[in-house]
Amino acid sequence: MKVYYIKIESRNEIAIEHDNQLYYLSSLGYNFKDINELIESELDLFSLDYSGGQKVDKDYKILSPIITPSQDIICVGMNYIDHIKEVEKNNEESKYNSDAVYFSKRANKILATEEDIPLNDEITDKLDYEVELAAIISKDCRKVNSTEVNEYIYGFSIFNDISARDLQEKHKQWYCGKSFDGSSVMGPCILINDKYVDYSNLEIKTFINDEIRQNNNTRNMIFSVNDIISDLSEKMTLKKGTIIITGTPSGVGLGYKPPKFLKAGDKIVMSIEKIGEIINYIGY
């Protein structure tokens, strides 16, 4: 089951994909402003009777499932060995860490599939891409054992963690270089966690102008989704609706010799198995 946030005619609607058909959630008697409110409600979408629901049968635009996060996005750095190795090619210092590397990313607005990503050439000459599996927290959690984490995951989405490599280097940390306007893309939906989704074994890919750049599997994460959420919950309360992006594999623009940074007109296609794909162009 998937949940979409869509624009149809002049209104925004939450749409649920059930048995390969989209239904307006509002037609089932549930009116939420957005998916943040839906998550906050803890409504069990699997328990609803969709037989009486109204099907989405008009043209619509897919929006980011969460346009404005309730908090900064939690990020995990250096979570695939192959990505660590490609980054080390540009630095003498080893980037491997025996504990997970956490940082945050601000997103005043998360872009959707089919939206143009701004080139931002006034602030960066080294615009880069990173495909990541995003996990969304379903209910407040604190001190959750890794074996219990599945009960606290609302679902999963695809996230493009757009990064300005020169800003990262200039400011000696990642926050500014990943938080500028237009640096977050998510979608096309949230794959609802039905407790049987094997999120530790999903193919994850990026194509730039039809050239495959990133091609890996979430089973190759150093720290699994369960490890990450359990570890974070030992130190802080993770509020429902929290977005956690879990790291990118090798193949980012920075990793090539010479680097292959994004340029105006580039087409980016990112896919994660069972979730779908997001397609964006770099604007002029």
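The values are calculated or read from the model by the stated rules, or taken from the named source; none is laboratory data. Just so we're clear, the structure is a prediction, and the values are computed from it rather than from any experiment. Glycine also receives a Cβ, built like all others from the backbone with ideal geometry; neighbour counts cover every protein chain displayed. With ligands, DNA and RNA removed, areas are computed over all heavy atoms of the protein, side chains included. Shrake-Rupley method; radii C 1.70, N 1.55, O 1.52, S 1.80 Å.
Things to note:
- The set of residues in segment 219-247 being crowded, with 18+ Cβ neighbours inside 10 Å and more than 17 Å from Glu132 (Cβ to Cβ) consists of Ser230, Ser233, Leu238, Lys240, Gly241.
- Looking only at residues of segment 15-39 that are touching a strand residue (DSSP E or B) at 6+ places or on another chain (Cβ under 8 Å) and over 17 Å from Ser51 (Cα atoms), we find that the one that is most open to solvent (accessible area, probe 1.4 Å) is Phe32.
- Unmet requirement for Met186, which otherwise passes all of (1) open to solvent by 40 Å² or more (accessible area, probe 1.4 Å); (2) touching a strand residue (DSSP E or B) at 6+ places or on another chain (Cβ under 9 Å): (1)
Conditions tested, residue by residue: (1) among the hydroxyl-bearing types (Ser, Thr, Tyr); (2) free of Cβ contacts under 8 Å to residues at least 24 places away in the same chain.
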site	(1), (2)
Asn97	no, yes
Ala134	no, no
Asp140	no, no
Tyr154	yes, no
Phe159	no, no
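- Of the residues Ile84, Ile67, the single one that is of a type in the set (Val, Ile, Thr), at pLDDT 95 or above and either surrounded by 13 or more Cβ atoms within 10 Å (Cβ to Cβ) or in a strand (DSSP E or B) (or both) is Ile67.
- Test for Ser51: is it open to solvent by 50 Å² or more (accessible area, probe 1.4 Å) and either part of a helix (DSSP H, G or I) or among the hydroxyl-bearing types (Ser, Thr, Tyr) (or both): yes
- For Asn90, the stated conditions hold: it is more than 19 Å from Ile244 (Cβ to Cβ), open to solvent by less than 80 Å² (accessible area, probe 1.4 Å) and either part of a loop (DSSP other than H, G, I, E, B) or modelled with pLDDT of 95 or more (or both).
- For first residues located in segment 272-284 and of a type in the set (Phe, Trp, Tyr), partners that are part of a loop (DSSP other than H, G, I, E, B) and lie 6+ apart or on another chain with Cβ distances below 6 Å form the pairs Tyr281/Asp116; Tyr284/Ala264.
- Counting only strands (runs of 3 or more DSSP E) that sit wholly inside segment 101-217, those with at least 2 residues that are within 17 Å of the chain's Cα centre (by Cα) and β-branched (Val, Ile, Thr) are 131-137, 153-161, 184-192, 203-208.
- Only one of Glu169, Glu132, Glu148 that is closer than 17 Å to Val252 by Cβ and open to solvent by 70 Å² or more (accessible area, probe 1.4 Å): Glu169
- Taken over segment 193-218, residues that are within 29 Å of Phe46 (Cβ to Cβ), open to solvent by 10 Å² or more (accessible area, probe 1.4 Å) and not charged (D, E, K, R) amount to 5.
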